[in-house]
Amino acid sequence: MIRIELSVELAYEVDAPGADFVFNIHVAHTPSQVVLTEDLSLSQTVVPQVYTDPATGNRYMRVHALPGLLKLSYSAVVEITHHFTEPALVTEVPVCDLPPDVMGYIYPSRYCQSDRLVKLAINEFGGLMKGYGRVLAIRDWIQRRMTFTSNASNSSTSAVDTLIEQVGVCRDFAHLMIALCRAVNIPARFATGTDYGADPALGPPDFHAYVEVYLGDRWYIVDPSGTGIPMGFIRFGTGRDAADVAFASIFGGVRSGAPVIRAQAVEDWSQGIRLPYHCREAISTDGGAKPIPAQGK
């Protein structure tokens, strides 16, 4: 089991007559991700509306802010239980056998134009053995060809743009991997959290985008940017692409500052709580859980 202490601080200068926000920074409630404690504070005397998507567990908060400074602080203590599977045992699921709630993740979406990458994907990955190994081959192919570069893209950058430019941030790596997976009929979805374990040379802690692929009977975590430690990722939301789970959607005139994020793992062997680490097993926080294997096996 992993325990993470999380804090997020956001600040905005809101123009008259005010602005509306939809935030997705609350930790998602899932069977394998338990929120032990959480706290939210806003600098303005406004009443937030929080609701949970019953299909995904995503939690969204709507706020109507008044002109002036809006500060938001959110903190939580989260326990995550992971399911571990030997990579060779993780198989792909034929389209005819996919659960209905997974089917939507094999289609093209706004930022993941898988229909435009079918020929490339089949040429590069169509001949590989189907399963988790093919997913890792797609991840490794992206990491060999793309360079992680801060501020190299914008909110309109798509998977095709990233493929052409060969630079991007975690969001762009995720979109490209999702598009390539869908192009060979592997369901893939966009996931958001924080960049636990990222190299400080990349900058201060930040929000993070990664990928979950549906294989066997569950969603498995993959980090195409390779910048963090997946076992330490807290899930905020999942969707078809970034359009579904932006950490802040803003409607109105607003100037924003850089987020201040802290995600610290706690170790307590007496309770079976250990620090996240890179592992060779396929890991998932979807569905049942297995004991954490010994590190280094």
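The values are calculated or read from the model by the stated rules, or taken from the named source; none is laboratory data. This one's a predicted model, so the numbers in the text were calculated from it and none came from an experiment. Counting neighbours? That spans all protein chains shown, and the Cβs are built from the backbone with ideal geometry, glycine included.
Total residues in the range 268-284 satisfying the condition of being among the small types (Gly, Ala, Ser), within 11 Å of MET1 (Cβ to Cβ) and either surrounded by 14 or more Cβ atoms within 10 Å (Cβ to Cβ) or under 18 Å from the mean Cα position of the chain (by Cα) (or both): the figure is 0.
Hey, any hits in the range 94-101 for a residue that's touching a residue at least 24 places away in the same chain (Cβ under 8 Å) and touching a helix residue (DSSP H, G or I) at 6+ places or on another chain (Cβ under 8 Å)? Scanning the range 94-101 turns up at least one residue that is touching a residue at least 24 places away in the same chain (Cβ under 8 Å) and touching a helix residue (DSSP H, G or I) at 6+ places or on another chain (Cβ under 8 Å).
Residues that are more than 20 Å from the chain's Cα centre (by Cα) and closer than 20 Å to TYR74 by Cα within the range 256-267 comprise SER256, GLY257, VAL266, listed in sequence order.
Going through (1) among the polar types (S, T, N, Q); (2) out of contact with any His (no Cβ under 9 Å at 6 or more places or on another chain); (3) free of Cβ contacts under 8 Å to residues at least 40 places away in the same chain one by one, THR162 falls short only on (2).
Looking at (1) in contact with a Phe, Trp or Tyr (Cβ under 9 Å, 6 or more places away or on another chain); (2) of a type outside the set (A, V, I, L, M, F, W, C); (3) surrounded by fewer than 21 Cβ atoms within 10 Å (Cβ to Cβ); (4) not in a loop (DSSP other than H, G, I, E, B), which is the only condition ARG262 fails? Unmet condition: (1). Only one of (1) closer than 30 Å to VAL260 by Cβ; (2) at pLDDT below 95; (3) aliphatic (A, V, I, L, M) is not met by VAL78, so which one is it? Condition (2) is where VAL78 drops out. Going through THR85, THR52 one at a time, which residue ends up being surrounded by 13 or more Cβ atoms within 10 Å (Cβ to Cβ), out of contact with any Ser or Thr (no Cβ under 7 Å at 6 or more places or on another chain) and free of Cβ contacts under 8 Å to residues at least 40 places away in the same chain? Answer to the check: THR52.
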